[in-house]
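Peer 1: Here's a structure for you.
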Amino acid sequence: MVAIIDYDAGNIRSVEKAIASLGYEAAVTRDADTILTADHVILPGVGAFGDAMDKLSSYGLVDVIRTVSCREIPFLGICLGLQLMFENSEEAPGVEGLGLLKGSILRIPEKDDLKIPHIGWNSLQYPSRGRLFAGVPEGAYVYFVHSYYLQAQEAGVVKATTEYGVEIHASVEKDNLFACQFHPEKSSDVGMKILQNFMEI
């Protein structure tokens with residue numbers, strides 16, 4: 001069973017439908033026991049960093065997520081979920097993230113020819129191919145919607161990058177922790193392959 005963490009963020013149902021379409025049971029939940037007994041856990045989301053951390057705290061989910069990490073249950077952050085896994089964000093100065101991985105979330109720099117938020121399809125490059133990308137060719141296109149991007153502190157965790165005025169750390173992996181800045185559930189066959197890879201871990 002896959003636990004999809006419910007903290008009132010956007011896009012949770014799209015992830016649930018994608019997992020179900022792959023043939024797996026998915027539970028959208030904020031129940032600690034359900035999350036901690038799941039085979040896989042996903043933290044999806046579209047929204048603001050500060051509001052999201054407030055919600056995770058108010059629902060008692062911060063310690064639950066940290067326990068998932070310690071128990072080595074495969075854990076996937078998507079979009080805002082990726083950002084929350086890190087230490088802080090320029091979107092919400094003074095607000096601490098989950099701190100599962102080291103790094104910061106920065107505002108995509110303004111440039112004349114680039115619209116913010118970044119919405120659309122971008123290709124991936126692999127500094128070192130991670131397990132999510134088995135069978136996914138370098139240069140594959142995935143779908144992004146975001147105004148902030150990850151700058152990971154540990155280069156070794158970065159498994160995919162893309163360019164949008166700056167190099168964006170598009171996916172990371174460390175032990176049982178995985179995350180994508182893009183939306184695999186909206187990235188056609190490539191995204192479904194990435195989700196399938198996660199489910200097979």
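The values are calculated or read from the model by the stated rules, or taken from the named source; none is laboratory data. Since this is a predicted model, take the numbers as computed values, not measurements. Glycine gets a Cβ as well: all are built from the backbone with ideal geometry, and neighbour counts include every protein chain shown. To get the accessible areas, we keep the full protein, side chains included, count just its heavy atoms, and leave off ligands, DNA and RNA. Shrake-Rupley method; radii C 1.70, N 1.55, O 1.52, S 1.80 Å.
Peer 1: Hey, what did the chain get for relative contact order, percent, Cα under 8 Å, at least 6 apart?
Peer 2: On the way: 441 pairs, mean separation 37.9, N = 201.
Relative CO of the chain lands at 19 percent.
Peer 1: Exactly which GluC sites (Glu not before Pro) in segment 156-201 are in a DSSP loop and have at most 16 other Cβ atoms within 10 Å? Walk me through the intermediate numbers first.
Peer 2: Numbers: sites: Glu163, Glu167, Glu173, Glu185, Glu200; in loops: Glu200.
Passing sites in segment 156-201 are Glu200.
Peer 1: Now, a different point. Please calculate how many Å² of accessible area the chain carries per residue, with a 1.4 Å probe and no DNA, RNA or ligand atoms counted.
Peer 2: Working: 8530 Å² over 201 residues.
About 42 Å² of surface per residue is accessible.
Peer 1: So, in nm, how far is label Gln153 from label Glu72 when the simple model puts each one 7 Å beyond its Cα toward the Cβ?
Peer 2: If labels sit at Gln153 and Glu72, their model points lie 2.4 nm apart.
Peer 1: Distance between the C-alpha centers of segment 154-191 and segment 89-135? Whole Å please.
Peer 2: 8 Å
Peer 1: Need one word for segment 64-201: rounded, prolate or oblate. Basis is the Cα gyration tensor (sqrt eigenvalues a ≥ b ≥ c); a/c below 1.5 gives rounded, then a/b vs b/c decides.
Peer 2: Values: a/c = 1.77, a/b = 1.07, b/c = 1.66.
Oblate.
Peer 1: Would you kindly state how much longer the chain becomes between Met192 and Asp54 on full extension, computed as 0.36 nm times their sequence separation minus their alpha carbon distance, in nm to one decimal? Write out the running numbers ahead of the final one.
Peer 2: Numbers: separation 138, 0.36 × 138 = 49.68 nm, distance 3.04 nm.
Once the chain is fully extended between Met192 and Asp54, it gains 46.6 nm.
Peer 1: Can you compute the FRET efficiency between Trp121 and Ala27 using 1/(1 + (r/R0)^6), with r the Cβ-Cβ distance and R0 = 25 Å? Round to the nearest 0.05. Don't skip to the end; give the middle numbers.
Peer 2: On the way: r = 30 Å, r/R0 = 1.21.
Result of the calculation: an efficiency of 0.25.
Peer 1: Tell me, what ³J(HN,Hα) does each residue in segment 148-159 have, in order and in whole Hz, if you take phi through Karplus 6.51 cos²θ - 1.76 cosθ + 1.60 with θ = phi - 60° and put x for Gly and Pro?
Peer 2: 10, 9, 7, 10, 6, 6, 9, 4, x, 7, 7, 10
Peer 1: Quantify, in whole percent, the carbon and sulfur part of the accessible surface of the chain (1.4 Å probe; protein heavy atoms only). Numbers along the way, then the final one.
Peer 2: Working: 3890 of 8530 Å².
It is 46 percent, rounded to a whole number.
Peer 1: What fraction of the Cα pairs in segment 71-151, stated in percent, has a spacing above 19 angstrom? Can you show the working numbers first?
Peer 2: Working: 1597 of 3240 pairs.
Considering segment 71-151, 49 percent of its Cα-Cα pairs are separated by more than 19 Å.
Peer 1: Would you tally the net charge around Pro44, using a Cβ to Cβ cut-off of less than 10 Å, leaving Pro44 out, and scoring K and R as +1, D and E as -1? Intermediate values should be presented prior to the final figure.
Peer 2: Details: positive: Arg13; negative: Asp6, Glu16, Glu185.
Counting the neighbours of Pro44, the net charge comes to -2.
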